[in-house]
Amino acid sequence: MKMNDLPERPTLVAPEITMADIVLPHQTNSYRTMFGGDAMAFMDKAAAIAALRFCRLPIVTASSEHIDFRTPVHEGEIIEALARVIYAGHSSLVVRVHIYGENPLEGRRRLCTTGYFNMVAVSADRQRLAVPQVLITDEASREEWLTGERIHIAIQVRRGRRGAATPMSPAHPHPIEPILETESQRD
Ligand SMILES: CC(C)(COP(=O)(O)OP(=O)(O)OC[C@H]1O[C@@H](n2cnc3c(N)ncnc32)[C@H](O)[C@@H]1OP(=O)(O)O)[C@@H](O)C(=O)NCCC(=O)NCCS
């Protein structure tokens, strides 16, 4: 796929989006906890919304990266996704999705699942589109940027676009330096 002539890439804050639903019986397994496939579909949708709000470009899901199902969400519980773009390549975005389970009567919440998705901006005529860069605003977003960078590099290695021995952050220079918020941008 050809990359379009790239305009200036803006550097933007990546907002965290939230998406809530309730776990219905048809979404559960024999333990009456949420079926993993339904949870992944929910996460993919949240990742798409986070990516769209960040880049405002047409996107497709290119890959689901690692997903850790730490603890189940039960039937009748509220499920909430918190999704944010953590890293931008040239035409791809790494999106982190946390899933919380919430007891609807008591309001107790717990982190159940964390997963990462790679979304690619593609035009209707299948041209890659350049995505904005992620503005790093604090230490937490810097940490997540580094996680996203590792995922991006692993994808390139997997696809044969980069050697497995290529140095990775944080011990080595970054292929793309994270952009930190400046005083003027903070106003
Ligand atoms: C994703 C897709 C557009 C990539 O096309 P391609 O010609 O192989 O893309 P390129 O090699 O030019 O790479 C483009 C970007 O996609 C990323 N990418 C491509 N294939 C990928 C894969 N399998 N996994 C993760 N990322 C991938 C590359 O890392 C690259 O990122 P960068 O520009 O930030 O460096 C194409 O494979 C596709 O359309 N897949 C189907 C998507 C789909 O139907 N999704 C489900 C429904 S939304």
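Read the figures in this text as sums done on the coordinates, not as results from a lab. Quick caveat, the model's predicted, so the values are computed rather than measured. Virtual Cβ from ideal backbone geometry, glycine too; neighbours counted across all protein chains shown.
Sorted by packing (mean other beta-carbon atoms within 10 Å per residue), highest first, where do 58-69, 88-99, 146-157, 130-141 land? Each step should come with its number before you reach the end.
Details: 58-69: 14.7, 88-99: 24.2, 146-157: 19.1, 130-141: 17.3.
With the highest mean Cβ count within 10 Å placed first, the list reads 88-99, 146-157, 130-141, 58-69.
Just want the ordering: ILE86, ILE22, from fewest to most Cβ atoms lying within 10 Å of their own Cβ.
On the way: ILE86 23, ILE22 12.
Listed from fewest to most nearby Cβ atoms, that is ILE22, ILE86.
How big is D for the stretch 11-186, in µm² s⁻¹ as a whole number, if Stokes-Einstein is applied with the Kirkwood radius of its Cα pairs at 10 °C and 1.306 mPa s? Numbers along the way, then the final one.
On the way: Rh = 17.2 Å.
Answer from the Stokes-Einstein relation: 93 µm²/s.
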